[in-house]
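Note sheet for the following structure.
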Amino acid sequence: MTGEDKRINEEALKRRKKPSKISHRVHVYENLCKGCGICVAVCPTGTLQLENNKFSIYGVVAKVDAEDYCIGCRTCEMRCPDFAIRIDEEDTND
Ligand code: SF4
Ligand code: SF4
């Protein structure tokens, strides 16, 4: 990962406050992900992180690091330029 990738990860972690009351499944399609970091940078809850991935031609992909923090806003889904991330609402916990 580059220094910019690490900075994006650190900023995302600062936005991680508390788990969501509604469960969502976050899917990253690693074969489509180019590790641009947009989803990590725009996620309001710090759910996502970038990580090194030796199987990716880009070397870095997004990963779901704390799925229980996802609020299902779909910002990542809408902003990903490669349709590499998808959100499914699963069930409610309350
Ligand atoms: S925005 Fe899309 S392509 Fe970029 S890191 Fe996230 S999932 Fe991967
Ligand atoms: S749906 Fe919203 S909260 Fe969940 S991972 Fe995507 S941007 Fe983050």
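The numbers here are math on the coordinates, done by the rules we state, and not lab data. What you see is a predicted model; the values in this text were computed from it and never measured. For neighbour counting, all protein chains shown are included, and Cβ atoms are generated from backbone atoms with ideal geometry for every residue, glycine included.
Filtered by the rule that a residue be within 11 Å of ligand 1 (Cβ to nearest atom) and outside any loop (DSSP other than H, G, I, E, B), the range 38-55 gives Ile38, Cys39, Val40, Ala41, Val42, Leu48, Gln49, Leu50, Glu51. Taking (1) within 11 Å of ligand 1 (Cβ to nearest atom); (2) buried (at least 19 other Cβ atoms within 10 Å of the Cβ); (3) outside any loop (DSSP other than H, G, I, E, B) in turn, Glu77 satisfies each apart from (2). Before we move on, is Glu90 touching a Lys or Arg at 6+ places or on another chain (Cβ under 9 Å), more than 8 Å from ligand 1 (Cβ to nearest atom) and in contact (Cβ under 8 Å) with a residue 60 or more places away in the chain? Against the criterion (touching a Lys or Arg at 6+ places or on another chain (Cβ under 9 Å), more than 8 Å from ligand 1 (Cβ to nearest atom) and in contact (Cβ under 8 Å) with a residue 60 or more places away in the chain), Glu90 qualifies. Scanning the range 56-74 for residues that are within 8 Å of ligand 1 (Cβ to nearest atom) and closer than 18 Å to Lys14 by Cβ gives a single hit, Ala62.
Condition check ((1) within 15 Å of ligand 2 (Cβ to nearest atom); (2) of a type in the set (D, E, K, R)) across all residues:
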position: Glu10; (1), (2): no, yes
position: Leu13; (1), (2): yes, no
position: Lys17; (1), (2): yes, yes
position: Gln49; (1), (2): yes, no
position: Ile57; (1), (2): no, no
position: Asp68; (1), (2): yes, yes
position: Arg86; (1), (2): yes, yes
position: Glu89; (1), (2): yes, yes
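Scanning the range 1-34 for residues that are of a type in the set (Gly, Ala, Ser) and not in a loop (DSSP other than H, G, I, E, B) gives Gly3, Ala12, Ser23. Candidates are the residues of the range 42-71 that are touching a helix residue (DSSP H, G or I) at 6+ places or on another chain (Cβ under 7 Å) and more than 17 Å from Lys17 (Cβ to Cβ); the one that is surrounded by the fewest Cβ atoms within 10 Å (Cβ to Cβ) is Val60. A Cβ distance below 7 Å, combined with a sequence gap of six or more or placement on separate chains, defines the contacts here; from the range 26-55, residues that are free of Cβ contacts under 8 Å to residues at least 60 places away in the same chain and farther than 16 Å from Glu11 by Cα reach residues that are assigned to a loop (DSSP other than H, G, I, E, B) and within 6 Å of ligand 1 (Cβ to nearest atom) in the pairs Val28/Ala84; Tyr29/Ala84; Leu32/Asp82; Leu32/Ala84; Cys33/Asp82; Cys33/Ala84; Lys34/Asp82.
Scanning the range 38-61 for residues that are out of contact with any strand residue (DSSP E or B) (no Cβ under 9 Å at 6 or more places or on another chain) and of a type in the set (D, E, K, R) turns up just one, Lys54.
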